[in-house]
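Undergrad: Here it is: the structure, laid out below.
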Amino acid sequence: MIDGGRIPLFHAYSLGKAQETIALLQTGGLNVISGNTSIDKVCSVYMRHGVDLRHLSLRSTETSSALEEGAAIVSSSSRHTLNGMKSLYGEKKFRELESKIEYFNLSGWTIGKYRRQGFPLSAHSDFKGLLSFAESVKPRVAYCFTENGRILSKHLSDQGIHSVPIE
């Protein structure tokens with residue numbers, strides 16, 4: 001993809017998933033650009049603790065040449081990243097770069113109800129794994145949230161775990 005002049009933009013949460021993605025891409029020998037200062041801030045904490053997360057910030061003076069040579073972008077907000085690129089490079093250069101971008105969502109939802117182009121990278125377990133985890137830690141109370149909180153809460157209650165759906 002990069003060899004063909006395309007620019008992959010991976011959409012990932014700022015905390016955890018973005019850093020995992022940066023590490024995977026850099027291990028593969030790719031130049032990585034962070035599309036958001038929120039990702040940069042989290043990466044700086046990782047790096048202070050010895051984790052090698054080499055990447056360029058979108059506002060780095062080296063970013064333009066990295067994009068020309070072939071780089072991937074990791075962003076928690078594609079819209080903010082694109083707006084940042086537009087203000088940094090101007091309309092003409094931005095349009096040229098934007099036409100090369102290929103978007104990939106990094107989420108367990110990629111194969112679920114949203115079916116976006118991307119990879120099913122999830123920061124948590126599947127449903128059976130959540131049930132198994134709750135059973136192994138034996139919580140006094142399990143608070144279940146997201147749109148399936150009520151369903152998870154019922155299954156936990158059926159296993160004898162006091163649970164409360166939060167909607």
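Undergrad: Taking region 31-51 on its own, how many of its residues are surrounded by fewer than 17 Cβ atoms within 10 Å (Cβ to Cβ) and assigned to a loop (DSSP other than H, G, I, E, B)?
TA: Qualifying residue count for the region: 3.
Undergrad: Could you grab me the full set of residues in region 1-30 that are surrounded by fewer than 17 Cβ atoms within 10 Å (Cβ to Cβ), in contact with an Asp or Glu (Cβ under 7 Å, 6 or more places away or on another chain) and within 19 Å of Tyr89 (Cβ to Cβ)?
TA: Arg6
Undergrad: In region 132-153, what residues are more than 22 Å from Trp109 (Cα to Cα) and either at pLDDT below 90 or not hydrophobic (A, V, I, L, M, F, W, C) (or both)?
TA: Glu135, Ser136, Lys138, Pro139, Arg140 - these are the residues of region 132-153 that are more than 22 Å from Trp109 (Cα to Cα) and either at pLDDT below 90 or not hydrophobic (A, V, I, L, M, F, W, C) (or both).
Undergrad: Are any residues in region 61-89 among the hydrophobic types (A, V, I, L, M, F, W, C) and crowded, with 20+ Cβ neighbours inside 10 Å, and if so, which ones?
TA: Narrowing region 61-89 to residues among the hydrophobic types (A, V, I, L, M, F, W, C): 66-67, 71-74, 82, 85, 88.
Matches in region 61-89: Leu67, Ala71, Ala72, Ile73, Val74, Met85.
Undergrad: Quick one: in region 114-167, which of the residues that are touching a Lys or Arg at 6+ places or on another chain (Cβ under 8 Å) and within 30 Å of Phe10 (Cα to Cα) is surrounded by the most Cβ atoms within 10 Å (Cβ to Cβ)?
TA: Among those residues, the one meeting the criterion is Cys144.
Here's the yes/no breakdown for (1) of a type in the set (Gly, Ala, Ser); (2) more than 17 Å from Gly16 (Cβ to Cβ); (3) in contact with a Leu (Cβ under 6 Å, 6 or more places away or on another chain):
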site: Glu98; (1), (2), (3): no, yes, no
site: Ile101; (1), (2), (3): no, yes, yes
site: Trp109; (1), (2), (3): no, no, no
site: His124; (1), (2), (3): no, no, no
site: Phe145; (1), (2), (3): no, yes, no
site: Ser153; (1), (2), (3): yes, yes, no
site: Asp158; (1), (2), (3): no, yes, no
site: Ile161; (1), (2), (3): no, yes, no
site: Pro165; (1), (2), (3): no, yes, no
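Undergrad: Let me ask something additional. Scanning region 1-28 for residues that are among the small types (Gly, Ala, Ser) and closer than 19 Å to Ile101 by Cα, which turns out modelled with the lowest pLDDT?
TA: The extreme case among them is Gly4.
Undergrad: Restricting attention to region 12-28, does a residue exist that is over 16 Å from the mean Cα position of the chain (by Cα) and in a strand (DSSP E or B)?
TA: no
The values are calculated or read from the model by the stated rules, or taken from the named source; none is laboratory data. The structure displayed is predicted, hence computed values, not measured ones. Using ideal geometry, Cβ is built from the backbone for each residue, glycine included, and neighbour counts are taken over all protein chains shown.
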